[in-house]
Amino acid sequence: MNPKKIQIIGLVLVLAFFGMIVARALMQKDRVVKNEDDFKATQGVLEETWQLRHIGETGLVVITPDSMKHVPTKLDDEAKKTLISYDAFEYSLESFGMRINHIVSKVPVDSEEYADNLAKVIKKIKGVNKYTYAISPLTKSGQEGSFLKGTATQYGLSIETDSVILVKDNTLWEVTVSFNSDNVKLRNLAEKIFNSVEIR
């Protein structure tokens, strides 16, 4: 099996896990949600203490809440063929979700390919329909990468799911924020998060 195929298999495994995080964070609802109900429920997001933090040993610095959690993961034998390490962190409340992935691969990682695969995973999640997305090049902290901007209708809400994906050789950092696209305060918070992303 050539390195390119191995790389793609590894990324698919990571993205499958990402899909489970998204499902847990956003897709627990099985009913139509009214905007006014979601606005009230997500007030808790705005009441969190959001500040700049170092994320584990990843080298990533970004604004996160106090209750951001490390998601324990164990690489199986198939994933170990491609990945050296994988760390994930998450926070979610109602329509708002934030996820961080840190991947160290055995082969160079392509941010645009990763973004495209990530979009395909989001599109297949239960409850998501009318999903549209765009991928554009991005440079932050001297690192090249991609910005994935997508919007889907999910259980009556228009959910925007955006990702900053940065790469350096075999290392990838991903910061994804999902939120009710009609909620201006959550949109402003998402922009603040993305603007704070830095690799040190």
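Some observations on this one:
- Estimated vicinal HN-Hα couplings, Hz - segment 185-200 in sequence order (Karplus 6.51, -1.76, 1.60; Gly, Pro = x): 5, 5, 4, 4, 5, 4, 5, 4, 4, 4, 5, 8, 4, 8, 9, 10
- Prolate/oblate/rounded label for segment 101-200 (Cα gyration tensor, a/c 1.5): oblate
- Taking a ≥ b ≥ c as the square roots of the eigenvalues of the Cα gyration tensor, segment 49-161 is rounded, since a/c falls below 1.5.
- Working ranking of peptides 184-195, 66-77, 97-108 by packing, defined as the average number of other Cβ atoms within 10 Å per residue, highest first, is 97-108, 184-195, 66-77.
- Cα centre as origin, Lys/Arg/Asp/Glu Cβ charges: segment 103-187 dipole, Debye: 340
Just so you know, all these numbers are worked out from the coordinates, no wet-lab data involved. Source: prediction; values computed, not measured. Cβ: placed from backbone, ideal geometry, glycine included. Neighbour counts: every protein chain shown.
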